[in-house]
Amino acid sequence: MTVSAETWLPLGPLEDMEDGERREVTLPSGKIILLIRTEGKFHAVCADCPHQDTPLAEGSVDGTILTCPLHFWQWDIRTGEEIGLAELPLEIFELRHENGEWFVRAEK
Ligand code: FES
């Protein structure tokens, strides 16, 4: 039997984030995720570009489209799907809101 190390990790209340704001969070595993609030909704994606590891916090967000600042690959942050020039998908993470706190589904 395979036991998954994936679980729901607490992020705290995120309502202090402004619309359009991005915030990096380091998970216990050492992985860094990028939280993005846009159009009133929260999204969580891998903080590093799948192309050359550029920090995506330095990129731009237009609606649900995230653009890497280095070579301008783009993704839909709802699905991680590539748009335009991008050749690789972006890892996304599921978020859950419960009792005033946000949780991200990721490896411990
Ligand atoms: S490093 Fe992000 S597109 Fe090249």
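The values are calculated or read from the model by the stated rules, or taken from the named source; none is laboratory data. Quantities reported herein were computed from a predicted structural model and do not represent experimental measurements. Every residue, glycine among them, receives a Cβ derived from its backbone with ideal geometry; neighbour counts consider all protein chains shown.
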What are the pairs, 6+ residues apart or on separate chains, where a residue within the stretch 58-75 that is modelled with pLDDT of 95 or more has its Cβ under 9 Å from a residue that is assigned to a loop (DSSP other than H, G, I, E, B) and charged (D, E, K, R)? Gly63/Glu39; Thr64/Glu39; Thr64/Arg78; Trp73/Glu87
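Based on what the data block shows, is Leu85 in contact with a Leu (Cβ under 7 Å, 6 or more places away or on another chain), over 14 Å from Ala106 (Cβ atoms) and hydrophobic (A, V, I, L, M, F, W, C)? Spell out how you get there, then give the answer.
Numbers: in contact with a Leu (Cβ under 7 Å, 6 or more places away or on another chain): no; over 14 Å from Ala106 (Cβ atoms): yes; hydrophobic (A, V, I, L, M, F, W, C): yes.
Here the answer is no, as Leu85 does not meet what is asked.
For the stretch 1-88, give me every one of the strands (runs of 3 or more DSSP E) that falls completely inside it and has 3 or more residues that are over 18 Å from Glu101 (Cα atoms). Let's see the steps before the verdict.
Working: elements: 6-12, 22-26, 32-38, 41-46, 60-62, 65-67, 74-76, 81-83.
In the stretch 1-88, 60-62, 65-67, 74-76, 81-83 are the strands (runs of 3 or more DSSP E) which contain 3 or more residues that are over 18 Å from Glu101 (Cα atoms).
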All but one of (1) touching a strand residue (DSSP E or B) at 6+ places or on another chain (Cβ under 8 Å); (2) within 15 Å of the ligand (Cβ to nearest atom); (3) of a type outside the set (S, T, N, Q) hold for Ile33; which doesn't? (2)
